[in-house]
Amino acid sequence: EAGVTQFPSHSVIEKGQTVTLRCDPISGHDNLYWYRRVMGKEIKFLLHFVKESKQDESGMPNNRFLAERTGGTYSTLKVQPAELEDSGVYFCASSQGPWGANEQFFGPGTRLTVL
Amino acid sequence: AQSVTQLGSHVSVSEGALVLLRCNYSSSVPPYLFWYVQYPNQGLQLLLKYTTGATLVKGINGFEAEFKKSETSFHLTKPSAHMSDAAEYFCAVSDMDSNYQLIWGAGTKLIIKP
């Protein structure tokens, strides 16, 4: 069974440009999460989808970030326009049941560098 | 607010020595506690978790952790380190007050000396 995949693995863009990150969860997992880790700091929750609905988006830093999950399958996270402080590693995770005790399976992350 | 503190951004041990990675959390309600590991160029992988019941939890690759409520700790141990254990380890907590969001520690890089 394929794990969580993320694309691209690395992205280098200039300030003001737009970047779209993609996450493909494990097949059948209704719950999908986005996290971000700024260099040297802790991983921070961004948002949680249940199927195509946003269950919790309290961690989204500002309105430059837009997440979608059309059809309840893969998800995209768009940053527009990108700022220097958006640099970091963006992780996606999925789980069968709602979070809490359920294990979240993580993708390898997308390393975003904004110059 | 919930928080997780991992003592030491880097921990170095000799191959065959005891591994001890420290994690302290703050939570006003019963927590769920997790240890994840990230090997180079890979995603985060669950090592073990505590939800309820037995406070000594065994995980993969010979790791275990003990939930100590009185000390608000969930330290990760392994009796004998292997070179393949070199990775970054993350402690995380979730509870009802945080809407079960995972609150993460800053991570500890484990270095294994030959």
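Where a number appears in this text, it was derived from the coordinates with a stated rule and is not lab data. In this text the structure is predicted, and so the values were computed from the model without any measurement. Neighbour counts run over all protein chains shown; Cβ positions are idealised from the backbone, glycine included.
Before moving on, here are some points about what is shown:
- Tail weight of P(r) past 23 Å, computed on alpha-carbon pairs of chain B, percent: 23
- Geometric extent, Cα atoms of the protein assembly as shown - Rg, Dmax (angstrom): 17.5, 51
- Listed residue pairs exceeding 19 Å between alpha carbons, taken from B:68/B:113; B:49/B:78; A:54/A:78: B:68/B:113
- Placing dummy labels 7 Å off each Cα toward the beta-carbon, the span from residue A:68 to residue B:5 is 4.4 nm.
- Cα-based convex hull, chain A, per residue volume (Å³, whole number): 94
- In the protein assembly as shown, a dipole from Cβ-located charges (positive for Lys and Arg, negative for Asp and Glu) runs towards its positive end, and of B:76, B:10, A:96 it is B:10 whose Cα lies farthest in that direction.
- Relative contact order of chain B, taken over Cα pairs closer than 8 Å and 6 or more residues apart, is 38 percent.
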